[in-house]
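This report refers to the structure that appears directly beneath it.
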Amino acid sequence: MTGRRPRVRAPELRGRGWLNTDRPLDLADLRGRFVLLDFWTFCCVNCLHVLDELRPLEERYDGELLVIGVHSPKFVHEADPEALRAAVERYEVAHPVLDDPDLETWRAYTARAWPTLVLIDPEGYVVAQYAGEGHEHALDALVADLREEHLAKGTLQPGDSPYVPPTPEPRDLRFPAKAIRLPGKGFLVADAGHHQLVELAEDAETVVRRIGSGTRGRADGPAEEAAFNEPNGLVALPTEVAVAVGYDVVVADTVNHLLRGLDLSTGEVSTVAGDARQWMQGDGTTSLSSPWDVAWWQDRVWVAMAGIHQLWTFDPRTGEVEVAGGTTNEGLLDGPLPEAWFAQTSGLAVDGDRLWLADSETSSLRRVEAGEVHTTVGQGLFDFGFQDGPAAQALLQHPLGVTALPDGSVAVCDTYNGAVRRYDPATSILSTIATGLAEPSGALVDGAHLVVVESAAHRLTRVPLGQAAQAAGFAHTTKRPVTEVAAGEVELVVSFEPPPGQKVDDRFGPSTQLLVSATPPALLKAGAGRSTDLSRTLVIDPTVGDGVLHIAARAASCDAHGGEGAACHMHQQDWGVPVRVAAAGSDRLVLPLSGRSEA
């Protein structure tokens with residue numbers, strides 16, 4: 001007996017169509033190369049992290065490893081083929097992408113989370129599956145290990161990539177993200193697609209100057225030499241603070257995981273927070289994780305740290321960076337700031353003693369007030385739509401921006417609904433100001449108008465503040481395959497295998513952590529809570545009906561040789577698993593965090 005598990009032939013790739021290639025791809029034509037399937041959706045910041053993690057692997061194994069993105073949407077808007085085409089351009093995806101709006105290939109590979117990575121060997125067999133981000137090292141080690149085996153067998157036969165890059169149209173702005181008013185006249189725009197900051201004249205169209213080289217990168221210095229990587233949020237510092245620190249604007253340089261300072265008079269760019277490494281569990285506050293927006297509140301800069309679902313603060317005068325709120329768990333949980341759960345906060349706005357938040361992944365409008373987090377509009381990670389009316393029944397779809405209005409209400413850039421909505425705290429009513437916009441992602445007040453950043457239309461658009469619009473409403477729940485489970489005891493196992501050449505890192509205590517909860521909470525009669533084991537017995541209440549299990553796991557691994565200079569890695573993922581109690585349901589639920597499919 002060898003102890004080897006049966007080899008599993010990779011299912012064929014099925015979907016609506018293909019992007020970034022001039023022909024449909026099938027696995028038989030790709031034999032002789034490793035194929036890495038990246039199941040992603042463009043709303044998901046963790047998926048965007050993985051796109052960046054995979055870039056060096058694609059270069060290192062050029063001709064031997066082909067990455068194929070399988071786009072399996074969460075939101076209705078993401079199923080729009082034109083929206084997907086724009087996202088592939090926006091994020092500079094440099095490999096073929098399968099459009100899988102009905103989750104056909106997602107189901108064939110039993111994916112349960114965004115992102116999921118599946119490695120297929122040159123003979124067409126599945127050899128490993130990973131959930132979440134942070135697996136670049138594991139994939140590199142595994143491909144390097146298997147590469148020698150397949151070279152010896154003669155089954156590794158490098159070939160040309162079927163990737164065909166799109167031809168971008170020349171534009172003054174390219175997927176702009178946020179904008180602010182400049183002290184004199186005009187606007188400063190975070191031009192994410194050009195990796196620049198752009199100053200526009202009073203007409204919001206004429207380019208006055210560009211700050212940044214226009215090439216994805218990381219460099220301080222004069223305007224023409226500085227480099228950004230998909231900048232998003234902007235905030236102007238109070239004059240006395242700007243004079244003291246020597247720069248006027250703080251920029252959320254999202255993909256660089258940095259905060260940058262801009263001197264408006266000279267165009268000089270400096271790094272003011274972050275070390276250009278993505279924050280992972282166990283790090284301090286030197287590293288950041290996809291800062292998406294920034295706002296000046298309570299005498300410091302508040303940062304929407306979208307990559308880890310937290311709020312941080314930054315004091316420009318001291319350089320001090322601190323965690324202000326959130327546990328890093330993704331979800332919709334109100335309460336004291338340190339205990340609240342956020343979900344990819346992407347927009348911030350200040351109104352006196354309130355800090356308003358656009359929490360994109362829960363499609364929610366929330367606020368921080370007197371140290372507490374309150375949800376105004378929003379129901380959870382998988383519920384969204386387009387509904388006006390009382391806040392408790394109102395719905396949004398992946399909002400990215402929020403703006404305080406002069407009358408005490410707030411405008412919400414309801415990004416995936418292509419709308420601007422208005423919430424009035426006096427009446428607790430959500431209404432619609434404008435529709436038909438192309439992924440609005442930020443806005444600012446300019447007299448009687450709202451200047452809206454129409455990201456997918458590559459422009460700023462003025463919308464009268466007094467107008468109202470009507471649109472057909474809808475309510476939606478993310479459609480994912482439901483897992484049938486048995487009533488009573490269900491064994492939950494999160495499978496984890498350290499990458500080749502590494503071992504579980506338990507030098508400083510338990511190397512793993514598992515957190516389990518449910519929606520509704522009554523679904524779990526037992527088994528909720530936090531522990532250090534990656535397996536647990538859940539007790540499912542059959543009287544509750546359908547629900548969602550929320551499972552967050554992490555595991556640490558280090559080089560097997562140990563010693564000084566040993567490389568260590570954190571592997572982590574959150575799952576939302578829809579479940580239904582059924583007579584024939586399984587009494588075992590296995591979620592792959594990291595590991596090979598073959599012993």
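The values are calculated or read from the model by the stated rules, or taken from the named source; none is laboratory data. Bear in mind the structure is a predicted one, so any value in this text is a computation, not a measurement. When we count neighbours, we look across all protein chains shown, and the Cβ atoms used for this are built from the backbone with ideal geometry, even at glycine.
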query = Does the range 185-192 contain at least one residue that is on the phi < 0 side of the Ramachandran plot and either modelled with pLDDT under 95 or in a loop (DSSP other than H, G, I, E, B) (or both)?
reply = yes
remark   = Output for Cβ contacts, cut-off 7 Å, separation at least six or different chains, first residue closer than 21 Å to Ala273 by Cβ in the range 213-225, second of a type in the set (Ser, Thr, Tyr) and not in a strand (DSSP E or B), reads Glu225/Ser213
message = Show me the strands (runs of 3 or more DSSP E) found entirely inside the range 261-306 where at least 2 residues are over 21 Å from Thr345 (Cβ atoms) and touching a residue at least 24 places away in the same chain (Cβ under 8 Å).
response = 269-273
inquiry  = Going by what's in this entry, would Asp315 be described as outside the structural domain of Asp383 (by TED's automatic domain parsing) and either surrounded by fewer than 20 Cβ atoms within 10 Å (Cβ to Cβ) or touching a residue at least 24 places away in the same chain (Cβ under 8 Å) (or both)?
reply    = yes
key: Condition check for Val402: touching a Pro at 6+ places or on another chain (Cβ under 9 Å), of a type in the set (Val, Ile, Thr) and not in a loop (DSSP other than H, G, I, E, B)   = no
key: Tally of residues being under 26 Å from the mean Cα position of the chain (by Cα) and aliphatic (A, V, I, L, M) across the range 531-560   = 8
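For the range 58-96, name all the residues that are farther than 28 Å from Asp191 by Cβ, free of Cβ contacts under 8 Å to residues at least 60 places away in the same chain and hydrophobic (A, V, I, L, M, F, W, C).
Step one: of the range 58-96, the residues farther than 28 Å from Asp191 by Cβ are 60-66, 68, 70, 72.
So of that shortlist, the ones also free of Cβ contacts under 8 Å to residues at least 60 places away in the same chain come out as 68, 70, 72.
Result: Ile68, Val70.
Tally the residues that are surrounded by fewer than 24 Cβ atoms within 10 Å (Cβ to Cβ), in contact with a strand residue (DSSP E or B) (Cβ under 8 Å, 6 or more places away or on another chain) and either of a type in the set (A, V, I, L, M) or part of a loop (DSSP other than H, G, I, E, B) (or both), restricting the search to the range 438-451.
Quick first cut of the range 438-451, residues surrounded by fewer than 24 Cβ atoms within 10 Å (Cβ to Cβ) only: 438-439, 444-449, 451.
Applying the additional criterion that residues be in contact with a strand residue (DSSP E or B) (Cβ under 8 Å, 6 or more places away or on another chain) yields 438-439, 444-446, 448-449, 451.
Pick out the ones that are also either of a type in the set (A, V, I, L, M) or part of a loop (DSSP other than H, G, I, E, B) (or both) and you get 438-439, 444-445, 448, 451.
The number of residues fulfilling the criteria is 6.
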request  = Could you list, in sequence order, all residues of the range 205-222 that are in contact with a Lys or Arg (Cβ under 8 Å, 6 or more places away or on another chain) and either outside any loop (DSSP other than H, G, I, E, B) or buried (at least 19 other Cβ atoms within 10 Å of the Cβ) (or both)?
outcome  = none
task = Could you list, in sequence order, all residues of the range 330-362 that are assigned to a loop (DSSP other than H, G, I, E, B), under 27 Å from Pro520 (Cβ atoms) and without any contact (Cβ under 8 Å) to a residue 60 or more places away in the chain?
result = Leu332, Asp334, Ala340, Ala343
query = Under the condition of being under 13 Å from the mean Cα position of the chain (by Cα) and among the aliphatic types (A, V, I, L, M), which residue from the range 30-66 is surrounded by the fewest Cβ atoms within 10 Å (Cβ to Cβ)?
reply = Leu51
message = List the residue pairs whose Cβ atoms are under 7 Å apart, where the first residue sits in the range 179-193 and is closer than 17 Å to Ala457 by Cα, the second is of a type in the set (S, T, N, Q), and the two are 6 or more positions apart or on different chains.
response = Ala190/Asn232; Ala192/Asn232
task = Give the number of residues within the range 518-544 that are surrounded by fewer than 12 Cβ atoms within 10 Å (Cβ to Cβ) and small (Gly, Ala, Ser).
result = 1
